[in-house]
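Novice: A single structure is presented below for examination.
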Amino acid sequence: VWLVGSVVLMIISARVLVGLISKFTVAVGLPIFFGGLLLAMGTTLPELVFEIEAIRKKEAGMVFGNLLGSLATNAMLILGIVAVIAPVRVPERGQQAYLMGTLVFVIVFSLFWLFVKSKKKLERWEGAILVVVYIIFLVVEAVGMS
């Protein structure tokens, strides 16, 4: 009963959240793609809290396991299930955003790999670079979509 109730509540919440984000982005004049980016930041906050707690307890394996697991889950499992339910089409106007997102992913993953491969740790200044690259990505997306 709890499982079924939780799944029903999750489906209803998802519908409401998607509707609210869609209406919000249209009301403030942002493209719907940007609304998806905002929503993604919100869904990442619990992971951020987990990562901070894992770092405080010096559990680097948990940090990297969670990051890679989250990436793999979102990129393969979630997208795969959605595509099985209904084909996912990149709209003509969204192709540039898709290309930019892919490019930024490759850049950030490459930077992360370069930072960590030699000394087996990620320094604060390196983390700051990753955050700056993400902020640049958001700004470029916001400007490109308007």
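Novice: To the nearest 0.05, how large is the calculated FRET efficiency for residue 53 and residue 122 if R₀ is 22 Å and r is the Cβ-Cβ distance?
Specialist: Working from the Cβ atoms, E equals 0.85.
Novice: Now for a separate question. Percentage of Cα-Cα pair distances in the stretch 1-69 greater than 14 Å, rounded to whole percent?
Specialist: 71 percent
Novice: Can you send over the carbon and sulfur percentage of the accessible area for the stretch 44-137, probe radius 1.4 Å, protein chains only?
Specialist: Answer for the stretch 44-137 is 73 percent, counting heavy atoms of protein chains only.
Novice: What does the charge dipole of the chain about its Cα centre add up to, to the nearest 20 debye, if the Cβ of each Lys and Arg holds +1 and the Cβ of each Asp and Glu holds -1?
Specialist: The dipole of the chain has a size of about 220 debye.
Novice: Could you put 57, 117 in order of accessible surface area, largest first, with the 1.4 Å probe and the full protein assembly present?
Specialist: In descending accessible area the options line up as 57, 117.
Novice: Which of the listed residues, 109, 75, 5, is farthest toward the dipole's positive end in the stretch 1-132, when Lys, Arg count +1 and Asp, Glu count -1 at the beta-carbon?
Specialist: Ranked along the dipole, the leading option is 109.
Novice: If Lys and Arg each add +1 and Asp and Glu each add -1, what is the summed charge of the other residues whose beta carbon sits under 13 Å from the beta carbon of residue 116?
Specialist: Summing Lys and Arg as +1 and Asp and Glu as -1 gives +2.
Novice: Sticking with this one: Put 88, 133 in order of accessible area, largest first, 1.4 Å probe: what do you get?
Specialist: Values: 88 85, 133 30 Å².
Largest to smallest exposure gives the sequence 88, 133.
Novice: Relative to the present Cα-Cα distance, how much length would full extension add between residue 26 and residue 96 at 0.36 nm per residue of separation?
Specialist: Details: separation 70, 0.36 × 70 = 25.20 nm, distance 1.98 nm.
Result for the pair: 23.2 nm of gain on full extension.
Novice: Now for a different question. Could you report the chain's accessible area per residue, 1.4 Å probe, as an integer in Å²?
Specialist: Each residue of the chain exposes 77 Å² on average to a 1.4 Å probe.
Novice: What ratio of Cα Rg to 2.2 N^0.38 Å holds for the chain?
Specialist: Numbers: Rg = 17.6 Å, N = 146, 2.2 N^0.38 = 14.6 Å.
So the Cα radius of gyration is 1.20 times the expected 2.2 N^0.38 Å.
The values are calculated or read from the model by the stated rules, or taken from the named source; none is laboratory data. Worth saying up front: this structure is predicted, and the values here are computed from it rather than measured. With ideal geometry, Cβ positions are generated from the backbone for all residues, glycine too; neighbour counts draw on all protein chains shown. Heavy atoms of the whole protein, side chains included, go into the accessibility calculation; ligands, DNA and RNA do not. Shrake-Rupley method; radii C 1.70, N 1.55, O 1.52, S 1.80 Å.
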